[in-house]
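Asks: My questions will all concern the structure given below.
The values are calculated or read from the model by the stated rules, or taken from the named source; none is laboratory data. All values reported here derive from a predicted model rather than from experimental measurement. Cβ placement follows ideal geometry from the backbone for every residue including glycine, while neighbour counts extend to all protein chains displayed. Note: accessible area is taken over every heavy atom of the protein model, side chains too, but ligands, DNA and RNA are not part of it. Shrake-Rupley method; radii C 1.70, N 1.55, O 1.52, S 1.80 Å.
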Amino acid sequence: MNSGNSPLVSVVIPCHNSAKTIALSVLSALHQTHPSVEVIVVDDASTDNTREIVGKLDCALIALTENVGAGPARNRGIAASRGDILFFLDSDVALAPEAVANAVKIFQENPSYGAVWGVYGDRPLVDDGVVEWVQVLYGHYRATRKLGAARTGHFASGAIPRWVIDEIGAFDERLLGQYANEDHEFSLRIAEHYPVIRTLSVIGYHDDDDQLSSILRKLYRRAGSLVPLVLKQRELKPEREATHRPAEVAAASLATASLPLVLVSPYLAAVPLAFLAWFISVDLPLFNYVRRTAGWRMVPPSVFLSFLYSLAISAGALSGGLRYVLDARFRQRYRTPVEVH
């Protein structure tokens, strides 16, 4: 890393059809307090006017002709960058002004660190309603309870020294598709070799999902596709840092699965009610946080949505587990080492 006080930081922003938020994201990177920043936007074959918006901003634009996915797009940005530090930012996230400077300071004070992961702020970048508010509050609460030494990473707002990429490689371009979890694989690979940290001093404000159907579909698919990676990385226990913890997922699933007992006897309603009470007790600190932050009106939708999210994750994990047993290629998905370029 550059020994000077102001190492060049390359902010790499992959995007695809991001017209709604790309200007907010790029401008937040351009207006950092750190004095030496280059911003590289990799447009992943957008079909809206994302490129036109980016073209009017003071940043570099790499325009891809084929949609390759976030991991390969980030790799194109890495190849075009010049910075001693790579700062990865999603196109629907806007950084707090001191985010880059704070990440640089952590690396300068801890030169052995392999990554600095940021967290989402406690308000949405664009307010699109109750579902998005629940998503944002949930994500902020969970992230701020897992500060310090970390295993899994957050490429929506995370920094990596270039020497780390030089030594262990970049994103695995064999992991393709919307739910390939290439970011989880890469962050776990970093954590296998170097200390990493998650910090509240690197904040990004996220335009989160606001459609319930989209969130449920995403949680289901991600949970299923993560099964072989979680099983491969047992020593790192990545599920401990998941936004939705195993206990709440199990409680919601058991509460739902035991509902038919009510048909046998009304007294057996005590069983699903007990599991529901377990679910609420597990997430009670979260619900109290929502109440303190957004008021009582946000608590009922938080409980309801959290319950639905846990069911989607449970169903996805069961599907992934079945696929893991039956599909040898799926079992080997994350097992082959990545070549260092």
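Asks: Name every residue in segment 108-138 that is within 17 Å of the chain's Cα centre (by Cα) and of a type in the set (S, T, N, Q), in order of residue number.
Replies: Residues of segment 108-138 that are within 17 Å of the chain's Cα centre (by Cα), as a first pass: 115-125, 132-138.
The answer is 135, and nothing else.
Asks: I've got another one for you. Test of understanding: among 247, 269, 242, 252, which residue is touching a helix residue (DSSP H, G or I) at 6+ places or on another chain (Cβ under 6 Å) and at pLDDT below 95?
Replies: Numbers: 269 fails: at pLDDT below 95; 242 fails: touching a helix residue (DSSP H, G or I) at 6+ places or on another chain (Cβ under 6 Å); 252 fails: at pLDDT below 95.
When all the criteria are applied, what remains is 247.
Asks: Of all residues in segment 210-221 being under 14 Å from the mean Cα position of the chain (by Cα) and surrounded by 19 or more Cβ atoms within 10 Å (Cβ to Cβ), which is nearest to residue 324 (Cα to Cα)?
Replies: Step by step, filter segment 210-221, then rank; the result is 219.
Asks: Among the listed residues 203, 160, which satisfies the condition of being within 15 Å of the chain's Cα centre (by Cα), in contact (Cβ under 8 Å) with a residue 12 or more places away in the chain and not in a helix (DSSP H, G or I)?
Replies: 203
Asks: Filter segment 163-199 down to residues that are of a type outside the set (Asp, Glu) and in a helix (DSSP H, G or I), then give me how many there are.
Replies: Final tally of qualifying residues: 12.
Asks: Taking segment 25-58 as the search range and keeping residues that are in contact with an Asp or Glu (Cβ under 8 Å, 6 or more places away or on another chain) and hydrophobic (A, V, I, L, M, F, W, C), which one is farthest from residue 107 (Cα to Cα)?
Replies: 45
Asks: Quick check on segment 246-268. Is at least one of its residues within 20 Å of the chain's Cα centre (by Cα) and in contact (Cβ under 8 Å) with a residue 12 or more places away in the chain?
Replies: yes
Asks: Considering only residues that are open to solvent by less than 70 Å² (accessible area, probe 1.4 Å) and hydroxyl-bearing (Ser, Thr, Tyr), which ones fall in segment 1-20?
Replies: Here is the first cut: in segment 1-20, the residues open to solvent by less than 70 Å² (accessible area, probe 1.4 Å) are 4, 6-15, 17-19.
Within segment 1-20, 6, 10, 18 meet the criteria.
Asks: Now, a different point. Within segment 21-30, does at least one residue satisfy the condition of being modelled with pLDDT of 95 or more, open to solvent by 70 Å² or more (accessible area, probe 1.4 Å) and closer than 11 Å to residue 91 by Cα?
Replies: For segment 21-30, residues modelled with pLDDT of 95 or more, open to solvent by 70 Å² or more (accessible area, probe 1.4 Å) and closer than 11 Å to residue 91 by Cα: present.
Asks: Test residue 227 against the criterion of being open to solvent by less than 60 Å² (accessible area, probe 1.4 Å), under 18 Å from residue 142 (Cα atoms) and in contact (Cβ under 8 Å) with a residue 12 or more places away in the chain, and give yes or no.
Replies: Numbers: open to solvent by less than 60 Å² (accessible area, probe 1.4 Å): yes; under 18 Å from residue 142 (Cα atoms): no; in contact (Cβ under 8 Å) with a residue 12 or more places away in the chain: yes.
No, not satisfied.
Asks: So is residue 137 within 24 Å of residue 7 (Cα to Cα) and not acidic (Asp, Glu) or not?
Replies: no
Asks: Starting from residues that are modelled with pLDDT of 85 or more and among the charged types (D, E, K, R), keep the ones in segment 149-188 and report whichever is farthest from residue 232 (Cα to Cα).
Replies: 162
Asks: Also, I was wondering about something else. So for segment 27-34 (the condition being assigned to a loop (DSSP other than H, G, I, E, B) and touching a Gly at 6+ places or on another chain (Cβ under 7 Å)), does at least one residue qualify?
Replies: No; the residues of segment 27-34 include none that is assigned to a loop (DSSP other than H, G, I, E, B) and touching a Gly at 6+ places or on another chain (Cβ under 7 Å).
Okay, residues lined up against (1) modelled with pLDDT of 90 or more; (2) surrounded by 16 or more Cβ atoms within 10 Å (Cβ to Cβ):
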position: 278; (1), (2): yes, yes
position: 297; (1), (2): yes, no
position: 304; (1), (2): yes, no
position: 316; (1), (2): yes, yes
position: 328; (1), (2): no, no
position: 334; (1), (2): no, yes
position: 338; (1), (2): no, yes
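Asks: If you don't mind, there's one more thing I want to ask. Which residues, taken from segment 39-66, are in contact (Cβ under 8 Å) with a residue 12 or more places away in the chain, open to solvent by 30 Å² or more (accessible area, probe 1.4 Å) and of a type in the set (D, E, K, R)?
Replies: Hits for segment 39-66 are 48, 51, 58, 66.
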